[in-house]
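This is the structure I have questions about; it appears just below.
The values are calculated or read from the model by the stated rules, or taken from the named source; none is laboratory data. Small disclaimer: the values here were computed from a predicted structure and weren't measured. For neighbour counting, all protein chains shown are included, and Cβ atoms are generated from backbone atoms with ideal geometry for every residue, glycine included. With ligands, DNA and RNA removed, areas are computed over all heavy atoms of the protein, side chains included. Shrake-Rupley method; radii C 1.70, N 1.55, O 1.52, S 1.80 Å.
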Amino acid sequence: MKKTLPLIILLLGFNLSFAQRNKVRMDANGMVFDTYKPDNVGQMTLMGISQPIRNFTNLSGVPFQLYLKDEEENDEHRGKNSIKNPNAQLGFDAAKQASSRAINGVITPTNSIEGTDFAAALVNPPDVNGEVGTQYYVHTVNASGGSIMKIYNKTTGALISTVNTQTAFWNGISSTSLGDPVILYDQVAQRWVLVEMRSSGNKVLMAASQTNDPTGSWYLFQFSTSAFPDFPKISIWNNAILMTDNENSLSQAPIYAINKTTLYAGTATSIIRFTVPFITGVGFQPMTPVDWDSSTNPVGAPIFLRMYDNAWSGSGGTDHLELWNVNLDWVTPANSNVSGPTNLNTSAFDSYLCASFNCTPQPGATNLLDSQAEYLNFRAQYRNFGTHESIVTCHVVNAGTVQAKYAGIRWYELRRTGNGAWTVYQQSTFAPDAKNRFVGSIGIDGFGNIALGYNLTSTIVGNTKFYSAFATGRLSTDPLNTMTFTEYEVGAGTHTMPTSTGGRTGDYYSMSIDPVDNKTFWFTSHYAKTNTTWGTKIASFVLQPSTPSTITVSALPTSTPCANKPYNISFTTTGTFNSGNQFIAQISNDLGSFASPVNIGTLTSTSAGTIVGTIPSGTTPGGAGYKMQVVSTNPVVSSTNQPSISIIPINRTVNSSTTTPFEAVDNLTTSGTVNVTGNKTFKAGKSVTLNPNTTVGSGTVFSAKIEGCNY
């Protein structure tokens, strides 16, 4: 396909300005909050359309020299968040889960895939990211030029394509990527969105797939930011693409909103920039956009989060999460605003692990690793369950004491019910022992189960562990504030991370959830791989209780149920079914296929019972190939057995092709010659009509009986 480029290239520029407030108020922590007008409203123009990714020969790299990305990207932009308030509570963490509560056994992966490694990328850190769609899993890491993007068949785990984004995307619009890739899948619009930093000119590169197939062509955009757009992070909402970055060279915390409707159409796209107050004295404080999952629309405006450690400021206050809303008006974008923060007080935490970035020890080495503390780890995820809304997020804290620090993962589930306020529904620091757990990523599935991924090292004598990747989780029915699955080793480290990495770890990872079944987690992370500096791993898994939930259909009252009549389907269960679960009785088509089942009755329950169903009247007359099953909604389970049934229709006609007797619920009519062999009885519940032209073949004894469904 010929690459299409516009005749005019227009870049979006923003004026440097501070947050424009309508009113000023102060909370207990001295934070200014209310509504903030846009700094700038503009448009970004389509820069080009890529060739289909499937047209590229697998190409993972370009001939750039090995370099430490941190030296070009972050040192001048990322400041250390030092202790400003010595009176803050340090060390002790009352929310710590200090022991393993593995009541649900182990996590069993459905896929375990080796992703891109250092030998292919030639860069530190990798900035590992990935996302799952309806058919594909797309994985990205930094490369020495652009990023490496791998596309996998999510069912088989087979690699479909490997490209470098510099080659596949940015060369065509004369731009150069510095990486920091983040890719997301819009589950409703069924589009992929990729964002990266441009290497110069304070610009962001953005690509949107033309369809739900990432191997096709992509729309290519770029836009300007007010400072170097370090650490860009995006999220998807029902009315926008949201982005934050680290522009602390301006002492600003920016928020960008992009009109996704026009972005997906490949046309000029409105973009709005806001800034919210910077926390004084804090060196690194990027906002975290909240990403919407599921096909159920979110309630209200897009959400951003930011963490606040009361040790950062001499003004004191309490540790908390800030929640901000972006109220968008795409008809008149200048009327848009940001409101907040709503401060959600948390259990006290200490995010200070050491006076530099590299705080985490590893066995057999003196060089330390970056724990990536002091900000909310990617991604914060939102889900609307109908009965309530949930947001999950996590960050790294000191799970030890002031004298003996080690890293743990503080995680949260926030909830809102109806028109009420957001609250902290549950929270905990996962640190069941003194090993270091850091750089987390969290997700919540469509049934309320939560998975948490992270890195782990240990220098405990007799229990050492090289830099590895792990995951754990909890079921929605488990005790609150607790991870209940045995830690699953996603990627096993085999050596110390060398000094050539600068101590840099992954910077960010990704825990995503399959949009088709809403229960399969996909986690990608970074670890010390054999025979190279680092590798990446992709794992998919479903969180299931140690005793699997099963359904068995009991003996049916009859194998020949009547259409349009009540029919009781009893069943037994094992394992756990969650609150709000529905058991649904279903019938197949007349060939026994449940590809498009027909629901005939439901029962809201968490245990065995009887569903009172009704066989539909539109079934195939005389269909003997039907099957019955019972399924559940939370968890999603299908019955272990599918008994066969032959459905008695409402009305039937006896004619020359009739060879066996049958019944009708209401009326039976004859037509032409009745040619069955022997003495046969036909039944109907209301009437038997013998038409004048009816004849009986030789040897046939035709009997008719008025008898209704009597089971």
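Ordering 296, 550 by how much accessible area each has at a 1.4 Å probe, largest first, what is the list?
Descending order: 296, 550.
Residues of the range 222-236 with backbone nitrogen within less than 20 Å of a virtual label 7 Å along the Cα-to-Cβ line of residue 188, please, listed as ranges.
Of the residues in the range 222-236, 234-236 have backbone N under 20 Å from the label point off residue 188.
For the chain, what relative contact order do you get, as a whole percent, if you take Cα pairs closer than 8 Å and at least 6 residues apart?
Relative contact order of the chain: 12 percent.
So, one more: So how much accessible area does residue 191 have, in Å² to the nearest 10, using a 1.4 Å probe?
Surface accessible to solvent at residue 191 totals approximately 50 Å².
How high is the FRET efficiency from residue 572 to residue 332, r the C-beta distance, R0 45 Å, rounded to 0.05?
0.15
Of 56, 644, 472, whose Cα points farthest to the positive end of the dipole of the chain (charges on the beta-carbon: +1 Lys, Arg; -1 Asp, Glu; origin at the Cα centre)?
The residue sitting most towards the positive pole is 644.
How many percent of the accessible area of the chain is carbon or sulfur, using a 1.4 Å probe?
50
Something else now. Just by accessible area at a 1.4 angstrom probe, what is the order of 416, 273 from largest to smallest?
416, 273
Further question on the same structure: May I ask you to give the solvent-accessible area per residue for the chain, in square angstrom, as obtained with a 1.4 angstrom probe?
For the chain, the solvent-accessible area averages 36 Å² per residue.
Which order do peptides 237-244, 650-657 fall in by mean Cβ count within 10 Å, highest first?
Result, highest mean Cβ count within 10 Å first: 237-244, 650-657.
Using a 1.4 Å probe on the protein heavy atoms only, what accessible surface does residue 690 show? Give it in Å² to the nearest 10.
110
So what's the net charge close to residue 152: Lys and Arg +1, Asp and Glu -1, counting the other residues with Cβ under 12 Å from its Cβ?
Combined, the nearby Lys, Arg, Asp and Glu give 0.
Sticking with this one: Excluding residue 323 itself, what net charge comes from residues whose Cβ is under 11 Å from its Cβ, given Lys and Arg +1 and Asp and Glu -1?
Charge balance near residue 323 sits at +1.
Related question: Heavy atoms only, 1.4 Å probe, whole protein assembly: order 205, 46 by accessible area, highest first.
46, 205
At 1.4 Å probe size, what's the solvent-accessible area of residue 627? Round to the nearest 10 Å².
The value for residue 627 is about 60 Å².
For the residue pair residue 102 and residue 403, what label-to-label distance in nm results when each label sits 7 Å from Cα along the Cα-to-beta-carbon direction?
Output for this residue pair reads 3.2 nm.
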